[in-house]
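Notes to accompany the following structure.
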Amino acid sequence: MWRLVAATNRNLEKMVADREFRSDLFYRLNVFRFRIPSLRERKKIFPYSLVYFVQKFAKQMQKQMNRYLLQ
């Protein structure tokens with residue numbers, strides 16, 4: 001069984017209506033749709049995400065993380 005994940009920043013519904021995107025392809029891609037807000041819309045969580053990934057990669061590289069990043 002094949003699974004496909006597709007992402008775009010364009011309004012495909014409008015593009016289908018304007019005949020700029022194939023309606024049959026949109027139908028197949030639109031089986032399960034969810035919207036993830038852009039980072040611009042999630043400014044409050046960005047510092048927490050940054051600390052999480054810095055800690056994760058520091059651990060993988062066996063490096064100590066500087067304390068000032070956690071403040």
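Data overview
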| quantity | calculated |
| --- | --- |
| Cα-projected label distance for residue 46 with residue 4, points at 7 Å along beta-carbon direction, nm | 3.3 nm |
| Computed lengthening from residue 53 to residue 28, 0.36 nm per intervening residue step minus Cα-Cα distance | 5.6 nm |
| Estimated 222 nm signal from helices in the chain, with DSSP H stretches of n ≥ 4 weighted -39500 (n - 2.57), rounded to 500 | -11500 deg cm²/dmol |
| The chain: chymotrypsin sites (Phe, Trp or Tyr not before Pro) in DSSP loop, at most 13 other beta carbons within 10 Å | 2, 32, 34 |
| Lys pairs under 26 Å by Cα in the chain, provided they are eight or more residues apart or on distinct chains | 4 |
| Added length on full extension, which subtracts the Cα-Cα distance from 0.36 nm per residue, residue 36 to residue 61 | 6.0 nm |
| Degrees separating the helix 46-60 axis from the principal Cα axis of the chain, which is the longest one | 70 degrees |
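Every number in this text was worked out from the coordinates using simple rules, so none of it is lab data. Since we're looking at a predicted model, the values are computed, not measured. Don't worry about glycine lacking a Cβ; one is built from the backbone with ideal geometry, like all the others, and counts go over all protein chains shown.
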